[in-house]
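Beneath this line is the structure, given in structure tokens, with notes to follow.
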Amino acid sequence: MKAVKPSAACIGLPATLMKAAWTNTHVQQATLRLMQRVWHDKQVPRAWTTARTTLLHKHGDKANLDNYRMIATSTAMAKLYQNVLDKRIRAAV
């Protein structure tokens, strides 16, 4: 849970709420069971596979799309699962 920053852009359950709830062992156990089920079934919830994208102006002419960068926001649970996958992949490599 430490890897999901409270300031990170998230949709759905806010990361700050997840961090606050994370101290509850029931929440931890339920999250662990969910992550294990997703890993075992190899089926990620649809909400975890989508993100909202926003263009952020960096500098220069606003009419030139090269002067923008894209920000993708996803759910806090998706970010948590991405961190779990990242750690498993890095450990295997």
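The values are calculated or read from the model by the stated rules, or taken from the named source; none is laboratory data. In this text the structure is predicted, and so the values were computed from the model without any measurement. Ideal geometry is used to build each Cβ from the backbone, glycine not excepted, and the neighbour counts take in all protein chains shown. All accessible areas refer to the heavy atoms of the entire protein, side chains included, with ligands and DNA or RNA removed. Shrake-Rupley method; radii C 1.70, N 1.55, O 1.52, S 1.80 Å.
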### Query
Which value, in Å² rounded to 10, gives the accessible area of I89 with a 1.4 Å probe and all protein chains present?
110
#### Entry: DSSP beta bridges in the chain [antiparallel fraction, %, rounded to 5]
75
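Could you work out the helix-only [θ] at 222 nm for the chain, with each DSSP H run of four or more residues adding -39,500 (n - 2.57) and the total divided by the number of residues, to the nearest 500 deg cm²/dmol?
Details: 3 runs with 41 residues, N = 93.
Rounded to the nearest 500, the figure is -14000 deg cm²/dmol.
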## Note on the structure
The answer for trypsin sites (Lys or Arg not before Pro) in the stretch 31-78 that fall in a DSSP coil and have at most 10 neighbouring Cβ atoms within 10 Å is K42, K58, K62
### Message
Compute the helix-to-body angle for 76-92: its Cα long axis versus the longest principal axis of the chain, expressed 0 to 90° and rounded to tens.
### Response
80
### Task
Just subtract the alpha-carbon distance of Q29 and T54 from 0.36 nm times their residue separation and send over the number in nm, one decimal.
5.6 nm
### Integer Hz, Karplus 6.51/-1.76/1.60 couplings in order for the stretch 62-74, x for Gly and Pro
5, 7, 9, 5, 5, 8, 10, 10, 9, 10, 10, 10, 10
#### Entry: the stretch 34-90, accessible area per residue, ligands and nucleic acids excluded (1.4 Å, Å²)
79
### Rounded to 10°, Cα long-axis angle of helix 25-41 versus longest principal axis of the chain
80
### Two-site label geometry, W39 and N64: point separation in nm, points 7 Å out along Cα→Cβ
4.7
## Note on the structure
Filtered pair list for the chain (Lys only, Cα < 19 Å, 8 or more apart or interchain) has a length of 10
